[in-house]
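See structure below.
The values are calculated or read from the model by the stated rules, or taken from the named source; none is laboratory data. Worth saying up front: this structure is predicted, and the values here are computed from it rather than measured. Cβ atoms come from the backbone with ideal geometry, glycine included; neighbour counts cover every protein chain shown.
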Amino acid sequence: MGFFTKKQSTTGDPFLDAVVTMQSDDNTTYTSAGAIRNSDIFTAVSIIASDIASSPLQVIKDGVPKKDSGITNLIDGQPNEVMDGWHLKFSLAVNMLLNGNSFAEIKRDGNKVQSIELLPNSSVTVTQTDNGELRYNVGDKKRRVPKENMLHFKYFTQDGLTGLSPLYALRDEIKIQKAGNKMIDNFFSRGINSNGILKVNKAVLDNEAKQNIREKFEESNGSQNGANTLRTIILDESMDYQAMEVNTDVLKLANSKDWTSRQIAAVFRIPVERLGVENTHSSSTQSSLIYVKETLIHYLNCFVSELSNKLGKNFRFNVDRMLESDPDTKVKNILEQVQGSLITINEGRSKLGLPPRDGGDRLLASLNYTYLDTLEEYQRKENVENGEE
């Protein structure tokens, strides 16, 4: 059975051409190119994709990250001839979030990975044979790519084989927000709006006369140089002035935009304050910690699982950068790690961007701490020397 069918279209932008059209069960069509015109969705996707792209990939062996791994240097550095590692990870994350799926082809020379190349979603067709085998075909000529050489990232999936975009859950919210934005735009661009009405009694004025009276009135009351701003307005008996108020219904509609922003933040699982909505329930430090632990880690695991499966190594993303707080707290934490014999002095200096020092590669330990069995042996010797045994 076929999972994806191509819909040929072009936006003139190679990046947007990599976006595949999505079809929901109720025949409502979404395209990612249109979705990212929504400022909240653009912000949510760019935040998550940027954080994934900015997190270095590490190979883990026995629970410890290995240094100078060739495969991580390839992915983070220069995975192919036309793209650096940051933009590869960013593009894969964007396509996964907007379309539910993203693809990259592994090019090998024997058992060695030579490059990893991004594949536009519109060029990939995924099918499953009757015996359950997955087949990936690329391009109009249906070039077959073995499944072991195809990185297929998906976040939300019902069958474990194909992904669904978070945009499916935002169909109604996007419509509401779009309608609200259009109404506000029409109000200010097409509506008759003013800060006041100047009525000239018992006069029939043409356009030129109205313009002259408006300019003279505004000049007299400080609109040009501000000299008469907020001073008393003086009119003769032929004129009446009435101040205007902004339609409160429009202001309420503008304020209700927070509701759709909160819904979008909830679906993408990012803190609402990152979409410009005030959040009084947590500090920025708490918000960042919650974001990493409860949101970003799930997106990262989608990448880690597929990379580990197709590349035969255990991977993880280093997110230390996003867990850092203010500089003083960072220095305090590093100092405690050095004093607690968790890291060496030079490892602590490297976290602060400082060069290593001679003798800084040894772990420090306090004389006040020792192993329990050593302490028991020390106490026994003390008792012997004191004649207590």
Can you name the residue in segment 148-196 that is at pLDDT 70 or above and in contact with an Asp or Glu (Cβ under 8 Å, 6 or more places away or on another chain) and, of all such residues, is surrounded by the fewest Cβ atoms within 10 Å (Cβ to Cβ)? N149
Filtering segment 109-137 down to residues that are of a type in the set (G, A, S) and assigned to a loop (DSSP other than H, G, I, E, B) yields G110, G132
When segment 103-162 is checked residue by residue, the ones that are farther than 20 Å from V82 by Cα, in contact with a Lys or Arg (Cβ under 7 Å, 6 or more places away or on another chain) and of a type in the set (S, T, Y) are T125, T127, T129, Y136, T162
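Of the residues that sit in segment 231-272 and are part of a helix (DSSP H, G or I), at pLDDT 70 or above and among the charged types (D, E, K, R), which one is farthest from E294 (Cα to Cα)?
Filtering segment 231-272 for residues part of a helix (DSSP H, G or I) gives 248-255, 257-268, 272.
Now restrict to residues that are at pLDDT 70 or above: 258-268, 272.
Within this subset, residues satisfying the condition of being among the charged types (D, E, K, R) are 258, 262.
Values: D258: 22, R262: 17 Å.
For segment 231-272, the residue satisfying everything is D258.
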Report yes if S46 is of a type in the set (S, T, Y), outside any strand (DSSP E or B), at pLDDT 90 or above and closer than 21 Å to L164 by Cα, otherwise no. yes
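Quick check on this structure: which one of L311, L300 is surrounded by 15 or more Cβ atoms within 10 Å (Cβ to Cβ) and touching a Lys or Arg at 6+ places or on another chain (Cβ under 9 Å)?
Working: L311 fails: touching a Lys or Arg at 6+ places or on another chain (Cβ under 9 Å).
Matching residue, one of L311, L300: L300.
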Determine whether G100 is within 25 Å of G163 (Cα to Cα), in contact with a strand residue (DSSP E or B) (Cβ under 9 Å, 6 or more places away or on another chain) and not hydroxyl-bearing (S, T, Y). yes
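Search segment 355-389 for residues being within 50 Å of the chain's Cα centre (by Cα) and surrounded by 11 or more Cβ atoms within 10 Å (Cβ to Cβ), and hand back the single one that is modelled with the lowest pLDDT. If you could, list the steps in order and put the result at the bottom.
Applying the first criterion (within 50 Å of the chain's Cα centre (by Cα)) to segment 355-389 yields 355-372.
Then keep just the ones that are surrounded by 11 or more Cβ atoms within 10 Å (Cβ to Cβ); that gives 356, 360-361, 363-365, 370.
Numbers: P356: 89, G360: 84, D361: 86, L363: 81, L364: 76, A365: 73, T370: 63.
If we take residues in segment 355-389 being within 50 Å of the chain's Cα centre (by Cα) and surrounded by 11 or more Cβ atoms within 10 Å (Cβ to Cβ), then T370 is modelled with the lowest pLDDT.
Residue-wise test of (1) of a type in the set (K, R); (2) crowded, with 23+ Cβ neighbours inside 10 Å.
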position	(1), (2)
I71	no, no
V82	no, no
H87	no, no
F90	no, no
L97	no, yes
D109	no, no
K112	yes, no
E117	no, no
Given (1) over 30 Å from N73 (Cβ atoms); (2) at pLDDT 80 or above; (3) small (G, A, S); (4) more than 25 Å from the chain's Cα centre (by Cα), where does A203 come up short, assuming only one miss? (2)
